[in-house]
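See structure below.
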Amino acid sequence: MKRAIVLGASSGIGQGVARELVKEGYRVGITGRRTELLEKLKAENPENYIIQTFDITDITTSVNHLKELVDKMGGLDLLLINSGTGHRNEALDFEVEKPAILTNVLGFTAIADWAFNYFREKEEGHIAVVSSVAGIRGMRFAPAYGASKAYQINYMQALRNKARKLRLPIVISDIRPGFVDTAMAQGEGIFWVAPVEKAARQIVCSLLRKDEIIYVSRRWRGMAQLIRLIPRFLYEKI
(Lines give C-alpha, C1' and ligand atoms only; values in the text may rest on other atoms or scores of the structure.)
Protein backbone atom coordinates (compact mmCIF):
# COMPACT_ATOMS: atom_id res chain seq x y z
CA MET A 1 0.00 0.00 0.00
CA LYS A 2 1.36 3.43 -0.98
CA ARG A 3 1.67 5.99 1.82
CA ALA A 4 0.93 9.70 1.54
CA ILE A 5 0.77 12.62 3.94
CA VAL A 6 -1.48 15.61 3.34
CA LEU A 7 -0.59 18.65 5.44
CA GLY A 8 -3.62 20.87 5.90
CA ALA A 9 -6.25 18.14 5.50
CA SER A 10 -8.86 19.46 7.93
CA SER A 11 -10.88 21.21 5.19
CA GLY A 12 -10.96 22.39 1.58
CA ILE A 13 -8.53 21.11 -1.04
CA GLY A 14 -6.46 19.12 1.45
CA GLN A 15 -9.45 17.23 2.74
CA GLY A 16 -10.66 16.55 -0.80
CA VAL A 17 -7.25 15.26 -1.92
CA ALA A 18 -6.98 13.01 1.14
CA ARG A 19 -10.31 11.42 0.24
CA GLU A 20 -9.25 10.88 -3.37
CA LEU A 21 -5.94 9.31 -2.34
CA VAL A 22 -7.75 6.84 -0.11
CA LYS A 23 -9.96 5.92 -3.08
CA GLU A 24 -6.76 5.20 -5.01
CA GLY A 25 -5.62 2.75 -2.34
CA TYR A 26 -3.27 4.99 -0.35
CA ARG A 27 -2.84 4.98 3.40
CA VAL A 28 -3.01 8.68 4.22
CA GLY A 29 -1.56 10.66 7.10
CA ILE A 30 -3.62 13.79 7.71
CA THR A 31 -2.48 16.85 9.61
CA GLY A 32 -3.90 20.18 10.66
CA ARG A 33 -4.52 22.34 13.70
CA ARG A 34 -8.11 21.21 14.38
CA THR A 35 -8.18 17.69 15.74
CA GLU A 36 -11.96 17.46 15.71
CA LEU A 37 -12.07 17.99 11.93
CA LEU A 38 -9.32 15.44 11.35
CA GLU A 39 -11.19 12.94 13.54
CA LYS A 40 -14.34 13.54 11.51
CA LEU A 41 -12.46 12.74 8.29
CA LYS A 42 -10.85 9.66 9.81
CA ALA A 43 -14.26 8.34 10.84
CA GLU A 44 -15.09 7.96 7.14
CA ASN A 45 -12.37 5.31 6.73
CA PRO A 46 -10.60 4.57 10.05
CA GLU A 47 -8.24 1.96 8.61
CA ASN A 48 -6.70 4.25 6.01
CA TYR A 49 -6.26 7.55 7.85
CA ILE A 50 -3.68 8.37 10.52
CA ILE A 51 -3.91 11.68 12.39
CA GLN A 52 -1.17 14.01 13.62
CA THR A 53 -2.26 17.41 14.90
CA PHE A 54 0.22 20.27 14.58
CA ASP A 55 0.72 23.75 13.18
CA ILE A 56 3.46 24.10 10.56
CA THR A 57 4.12 27.69 11.65
CA ASP A 58 5.69 26.25 14.81
CA ILE A 59 8.88 25.38 12.99
CA THR A 60 10.64 24.23 16.19
CA THR A 61 8.25 21.27 16.49
CA SER A 62 6.59 20.73 13.10
CA VAL A 63 9.33 18.54 11.63
CA ASN A 64 9.37 16.35 14.74
CA HIS A 65 5.61 15.89 14.45
CA LEU A 66 6.05 14.97 10.80
CA LYS A 67 8.73 12.42 11.66
CA GLU A 68 6.41 10.85 14.23
CA LEU A 69 3.67 10.56 11.63
CA VAL A 70 6.00 8.93 9.11
CA ASP A 71 7.08 6.43 11.76
CA LYS A 72 3.43 5.60 12.51
CA MET A 73 2.82 5.00 8.81
CA GLY A 74 5.92 2.89 8.33
CA GLY A 75 7.36 5.15 5.65
CA LEU A 76 6.35 7.73 3.07
CA ASP A 77 5.96 7.89 -0.72
CA LEU A 78 4.12 11.19 -1.31
CA LEU A 79 4.02 14.40 0.72
CA LEU A 80 1.52 17.14 -0.16
CA ILE A 81 1.99 20.53 1.51
CA ASN A 82 -1.44 22.09 1.38
CA SER A 83 -1.22 24.19 4.56
CA GLY A 84 -1.52 27.80 3.47
CA THR A 85 -3.20 31.08 4.22
CA GLY A 86 -3.58 34.63 2.95
CA HIS A 87 -5.98 37.57 3.07
CA ARG A 88 -6.79 40.71 1.15
CA ASN A 89 -4.87 43.57 2.69
CA GLU A 90 -5.42 46.89 0.94
CA ALA A 91 -4.27 48.76 4.08
CA LEU A 92 -0.92 46.92 4.25
CA ASP A 93 -1.46 45.96 7.87
CA PHE A 94 1.54 43.78 8.77
CA GLU A 95 -0.50 41.74 11.24
CA VAL A 96 -2.65 40.66 8.28
CA GLU A 97 0.41 39.79 6.19
CA LYS A 98 2.26 37.93 8.95
CA PRO A 99 0.28 34.62 8.90
CA ALA A 100 0.94 34.18 5.16
CA ILE A 101 4.66 34.67 5.70
CA LEU A 102 4.80 32.29 8.67
CA THR A 103 2.76 29.58 6.95
CA ASN A 104 3.54 29.86 3.23
CA VAL A 105 7.24 30.71 3.58
CA LEU A 106 8.75 29.63 6.90
CA GLY A 107 6.51 26.65 7.64
CA PHE A 108 6.52 25.49 4.04
CA THR A 109 10.32 25.67 3.78
CA ALA A 110 10.94 23.68 6.95
CA ILE A 111 8.66 20.89 5.74
CA ALA A 112 9.88 20.91 2.12
CA ASP A 113 13.54 20.72 3.18
CA TRP A 114 12.89 17.83 5.54
CA ALA A 115 10.91 15.97 2.87
CA PHE A 116 13.59 16.42 0.22
CA ASN A 117 16.29 15.10 2.55
CA TYR A 118 14.07 12.17 3.55
CA PHE A 119 13.50 11.20 -0.08
CA ARG A 120 17.16 11.79 -0.95
CA GLU A 121 18.11 9.19 1.66
CA LYS A 122 15.36 6.88 0.40
CA GLU A 123 16.50 7.61 -3.19
CA GLU A 124 12.95 8.20 -4.45
CA GLY A 125 9.77 10.02 -3.56
CA HIS A 126 7.26 12.69 -4.48
CA ILE A 127 6.84 16.18 -2.97
CA ALA A 128 3.93 18.42 -3.95
CA VAL A 129 2.75 21.84 -2.83
CA VAL A 130 -0.47 23.71 -3.42
CA SER A 131 0.85 27.09 -4.56
CA SER A 132 -1.43 29.32 -6.65
CA VAL A 133 -1.94 31.14 -9.92
CA ALA A 134 -1.64 34.18 -7.64
CA GLY A 135 2.12 33.57 -7.49
CA ILE A 136 2.65 34.46 -11.14
CA ARG A 137 2.58 38.26 -10.68
CA GLY A 138 2.40 40.66 -7.75
CA MET A 139 -1.10 41.24 -6.37
CA ARG A 140 -1.71 44.76 -5.07
CA PHE A 141 -4.72 43.69 -2.96
CA ALA A 142 -2.99 40.68 -1.31
CA PRO A 143 0.77 41.32 -1.46
CA ALA A 144 2.02 38.73 1.03
CA TYR A 145 -0.20 35.97 -0.30
CA GLY A 146 0.90 36.42 -3.91
CA ALA A 147 4.55 36.90 -2.98
CA SER A 148 4.58 33.85 -0.72
CA LYS A 149 3.08 31.72 -3.51
CA ALA A 150 5.74 33.02 -5.91
CA TYR A 151 8.30 31.92 -3.32
CA GLN A 152 6.81 28.43 -3.28
CA ILE A 153 6.80 28.22 -7.07
CA ASN A 154 10.48 29.17 -7.25
CA TYR A 155 11.45 26.97 -4.32
CA MET A 156 9.86 23.93 -5.90
CA GLN A 157 11.65 24.69 -9.16
CA ALA A 158 14.91 24.79 -7.20
CA LEU A 159 14.19 21.41 -5.58
CA ARG A 160 13.31 19.95 -8.98
CA ASN A 161 16.64 21.17 -10.38
CA LYS A 162 18.43 19.78 -7.33
CA ALA A 163 16.86 16.34 -7.81
CA ARG A 164 17.91 16.32 -11.46
CA LYS A 165 21.44 17.36 -10.56
CA LEU A 166 21.61 14.49 -8.07
CA ARG A 167 20.06 12.15 -10.67
CA LEU A 168 17.47 11.01 -8.18
CA PRO A 169 13.86 10.05 -9.07
CA ILE A 170 12.32 12.59 -6.69
CA VAL A 171 9.25 14.10 -8.34
CA ILE A 172 8.48 17.73 -7.48
CA SER A 173 4.92 18.85 -8.26
CA ASP A 174 3.73 22.45 -8.14
CA ILE A 175 -0.08 22.64 -8.00
CA ARG A 176 -1.40 26.05 -9.06
CA PRO A 177 -5.13 26.43 -8.43
CA GLY A 178 -7.21 29.30 -9.69
CA PHE A 179 -10.39 29.80 -7.68
CA VAL A 180 -11.68 26.79 -5.75
CA ASP A 181 -14.84 26.84 -3.66
CA THR A 182 -13.16 27.09 -0.25
CA ALA A 183 -12.86 29.68 2.52
CA MET A 184 -9.73 30.98 0.75
CA ALA A 185 -11.77 32.14 -2.27
CA GLN A 186 -12.32 35.73 -1.21
CA GLY A 187 -13.33 38.92 -2.95
CA GLU A 188 -15.76 40.19 -5.53
CA GLY A 189 -15.90 39.18 -9.16
CA ILE A 190 -14.19 35.81 -8.82
CA PHE A 191 -14.81 33.45 -11.73
CA TRP A 192 -14.19 29.88 -12.89
CA VAL A 193 -14.71 28.66 -9.33
CA ALA A 194 -14.14 24.89 -9.25
CA PRO A 195 -15.95 22.66 -6.73
CA VAL A 196 -13.56 21.13 -4.19
CA GLU A 197 -14.36 17.60 -5.39
CA LYS A 198 -13.48 18.45 -9.01
CA ALA A 199 -10.27 20.21 -7.98
CA ALA A 200 -9.21 17.34 -5.74
CA ARG A 201 -9.85 14.74 -8.43
CA GLN A 202 -7.85 16.68 -11.02
CA ILE A 203 -5.00 17.10 -8.55
CA VAL A 204 -4.81 13.41 -7.67
CA CYS A 205 -5.01 12.32 -11.32
CA SER A 206 -2.11 14.66 -12.09
CA LEU A 207 -0.09 13.46 -9.09
CA LEU A 208 -0.54 9.84 -10.14
CA ARG A 209 0.85 10.80 -13.56
CA LYS A 210 3.71 12.53 -11.71
CA ASP A 211 3.05 15.84 -13.47
CA GLU A 212 5.37 18.65 -12.41
CA ILE A 213 3.19 21.74 -13.06
CA ILE A 214 -0.52 21.28 -12.37
CA TYR A 215 -3.20 23.91 -13.00
CA VAL A 216 -6.63 23.51 -11.36
CA SER A 217 -8.93 23.64 -13.07
CA ARG A 218 -7.05 22.97 -16.31
CA ARG A 219 -8.37 26.09 -18.05
CA TRP A 220 -6.17 28.17 -15.75
CA ARG A 221 -3.08 27.07 -17.68
CA GLY A 222 -4.08 29.36 -20.54
CA MET A 223 -5.10 32.13 -18.15
CA ALA A 224 -1.71 31.91 -16.45
CA GLN A 225 0.00 32.53 -19.78
CA LEU A 226 -2.24 35.53 -20.38
CA ILE A 227 -1.48 36.95 -16.93
CA ARG A 228 2.23 36.80 -17.73
CA LEU A 229 1.74 38.62 -21.02
CA ILE A 230 -0.57 41.44 -19.90
CA PRO A 231 1.35 44.73 -20.19
CA ARG A 232 2.19 46.33 -16.87
CA PHE A 233 0.04 49.40 -17.40
CA LEU A 234 -3.02 47.18 -17.98
CA TYR A 235 -2.22 44.76 -15.16
CA GLU A 236 -1.99 47.64 -12.69
CA LYS A 237 -5.62 48.53 -13.47
CA ILE A 238 -6.98 45.09 -12.62
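Helix-only arithmetic for the chain: the sum of -39500 (n - 2.57) across DSSP H runs with n ≥ 4, divided by the residue total, places the mean residue ellipticity at 222 nm at -14000 deg cm²/dmol. Please identify every one of the GluC sites (Glu not before Pro) in the range 119-186 that sits in a loop by DSSP and has no more than 14 other beta carbons within 10 Å of its own beta carbon. Qualifying residues, ordered by number: GLU123, GLU124. Of the solvent-accessible surface of the range 1-131, computed with a 1.4 Å probe over protein heavy atoms with every protein chain present, carbon and sulfur atoms account for 48 percent.
Note on the range 1-103: lysine pairs with Cα distance below 27 Å, sequence gap of 8 or more or different chains, count 14.
Measuring r between the beta carbons of HIS87 and THR53 and using R0 = 22 Å, the FRET efficiency lands at 0.40. Among ASP93, ASP71, ASP55, the largest mean-square fluctuation in a Gaussian network model of the chain (Cα springs under 10 Å) belongs to ASP93. The length gained by stretching the chain between LYS23 and ARG120 to full extension, at 0.36 nm per residue less their Cα-Cα distance, is 32.1 nm. About the centre of its Cα atoms, the range 1-52 shows a dipole size close to 120 debye [charges on the beta carbon of Lys, Arg (+1) and Asp, Glu (-1) only; nearest 20 debye]. Over its Cα atoms, what ratio of radius of gyration to 2.2 N^0.38 Å does the range 1-77 give? Cα-based Rg divided by the globular estimate yields 0.99. Dividing the Cα radius of gyration of the chain by its Kirkwood radius returns 0.95 for Rg/Rh. In the chain, a dipole from Cβ-located charges (positive for Lys and Arg, negative for Asp and Glu) runs towards its positive end, and of ILE111, ALA200, VAL63 it is ALA200 whose Cα lies farthest in that direction. Ligands, DNA and RNA are left out, and with a 1.4 angstrom probe the accessible area of the range 1-121 is 45 Å² per residue. With the simple spin-label model, which puts each label point 7 Å out from Cα in the Cβ direction, the THR109 to LYS72 separation comes to 2.8 nm. Just ALA134, ALA200, ALA158 to compare: in a GNM of the chain, with alpha carbon springs under 10 Å, which one fluctuates most? Evaluated over the chain, the most mobile residue of the options is ALA158.
Placing pseudo-labels 7 Å out from each Cα toward the beta carbon at ALA43 and ARG221 gives an inter-label distance of 4.0 nm.
In the elastic network of the chain, a GNM with C-alpha springs shorter than 10 Å, the most mobile of PRO177, PRO46, PRO99 is PRO46. Counting other Cβ atoms within 10 Å of each Cβ, which GluC sites (Glu not before Pro) in the range 38-69 have at most 13 and sit in a DSSP loop? Answer by residue number: GLU44, GLU47.
Annotation: lysines with alpha-carbon distance below 19 angstrom to LYS165 (same-chain offsets under eight excluded): LYS122, LYS210.
The values are calculated or read from the model by the stated rules, or taken from the named source; none is laboratory data. Model, not experiment: these values are computed from the prediction. Cβ sites come from the backbone with ideal geometry, for glycine too, and all protein chains shown count toward neighbours. Heads up: the accessible areas ignore ligands, DNA and RNA and are worked out on the full protein's heavy atoms, side chains in. Shrake-Rupley method; radii C 1.70, N 1.55, O 1.52, S 1.80 Å.
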